[in-house]
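Student: Here you go, one structure.
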Amino acid sequence: MVAIREFASSDITAVMAIEHEAHPVGHWRAEDYQWLTRQPEGIVLVAEMATGAVSGFVAARAMGKEAEMLNLAVAQEHRRRGIGRGLVEDLHRRLRAAGTERVYLEVRPSNLIAQQLYRFLGYVECGRRRGYYASNGEDALVLEIRLHGEGRPRADSEGGP
């Protein structure tokens, strides 16, 4: 059983362990998460196992009718169990309730597992950021989902949010 809840400062050690495991190069620092949680637009949610262990997290920021998912990671031993999907779905629920209409994110073209999750949840590609990832110069695919209303976002290979 997994519960999704808001990040608490006591979660930072577990979040950083998952962060380093998931993103060994170009990872966030503890200060980045702590700063984000102090911002009015900042959202950090964690997945907590019945044992109390944090198994994953999602970080985002919401600005008016748009939001950006900044980071999502699940501990290696808990992957492929629906935890990432649960985190994103809970984030979407909270954003919908706050009046957010669209969510954007960047993902590496080489990260096929993440792309599969995002596309399953309804994200579509709406742009590309060339050379986005400083660690290796890899592009970023920009994905978008509409949380309210009908229709899909327009796919545009060069545009973006």
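The values are calculated or read from the model by the stated rules, or taken from the named source; none is laboratory data. Model, not experiment: these values are computed from the prediction. A quick note on method: Cβ atoms are made from the backbone with ideal geometry, for glycine too, and the neighbour counts reach across all protein chains shown.
Student: Assigned to a strand (DSSP E or B), out of contact with any helix residue (DSSP H, G or I) (no Cβ under 7 Å at 6 or more places or on another chain) and either of a type in the set (A, V, I, L, M) or free of Cβ contacts under 8 Å to residues at least 40 places away in the same chain (or both): is that true of Glu89 in this structure?
Tutor: Values: assigned to a strand (DSSP E or B): no; out of contact with any helix residue (DSSP H, G or I) (no Cβ under 7 Å at 6 or more places or on another chain): yes; either of a type in the set (A, V, I, L, M) or free of Cβ contacts under 8 Å to residues at least 40 places away in the same chain (or both): yes.
Spelling it out, it is not the case that Glu89 is assigned to a strand (DSSP E or B), out of contact with any helix residue (DSSP H, G or I) (no Cβ under 7 Å at 6 or more places or on another chain) and either of a type in the set (A, V, I, L, M) or free of Cβ contacts under 8 Å to residues at least 40 places away in the same chain (or both).
Student: Surrounded by 18 or more Cβ atoms within 10 Å (Cβ to Cβ) and not basic (Lys, Arg) - does that describe any residue in the range 131-141? Break it down stepwise before answering.
Tutor: Keep residues of the range 131-141 that are surrounded by 18 or more Cβ atoms within 10 Å (Cβ to Cβ), which gives 140-141.
Among the residues that remain, those that are also not basic (Lys, Arg) are: 140-141.
Yes; the residues of the range 131-141 include at least one that is surrounded by 18 or more Cβ atoms within 10 Å (Cβ to Cβ) and not basic (Lys, Arg).
Student: Which members of the range 1-15 meet the condition of being at pLDDT 95 or above and either closer than 28 Å to Ser110 by Cβ or aromatic (Phe, Trp, Tyr) (or both)?
Tutor: Ile4, Phe7, Ala14, Val15
Student: Pro40 fails exactly one of the following numbered conditions: (1) part of a helix (DSSP H, G or I); (2) surrounded by fewer than 15 Cβ atoms within 10 Å (Cβ to Cβ). What is the number of that condition?
Tutor: Among (1) part of a helix (DSSP H, G or I); (2) surrounded by fewer than 15 Cβ atoms within 10 Å (Cβ to Cβ), the lone unmet condition for Pro40 is (1).
Student: Does the range 89-130 hold any residues that are surrounded by fewer than 18 Cβ atoms within 10 Å (Cβ to Cβ), more than 24 Å from Val44 (Cβ to Cβ) and more than 16 Å from the chain's Cα centre (by Cα), and which are they?
Tutor: Ser110, Arg128, Arg130
Student: Listed residues Gly151, Gly159, Gly137, Gly131; which is touching a strand residue (DSSP E or B) at 6+ places or on another chain (Cβ under 6 Å) and modelled with pLDDT under 95? Write out each step before concluding.
Tutor: Working: Gly151 fails: touching a strand residue (DSSP E or B) at 6+ places or on another chain (Cβ under 6 Å); Gly137 fails: touching a strand residue (DSSP E or B) at 6+ places or on another chain (Cβ under 6 Å); Gly131 fails: touching a strand residue (DSSP E or B) at 6+ places or on another chain (Cβ under 6 Å).
Result: Gly159 is the single residue among Gly151, Gly159, Gly137, Gly131 that is touching a strand residue (DSSP E or B) at 6+ places or on another chain (Cβ under 6 Å) and modelled with pLDDT under 95.
Student: Which members of the range 18-30 meet the condition of being modelled with pLDDT under 95 and either within 16 Å of Asp90 (Cβ to Cβ) or outside any loop (DSSP other than H, G, I, E, B) (or both)? Explain how you work it out, then say what you get.
Tutor: To start, the set of residues in the range 18-30 that are modelled with pLDDT under 95 comprises 19-30.
Result: Glu19, His20, Glu21, Ala22, Ala30.
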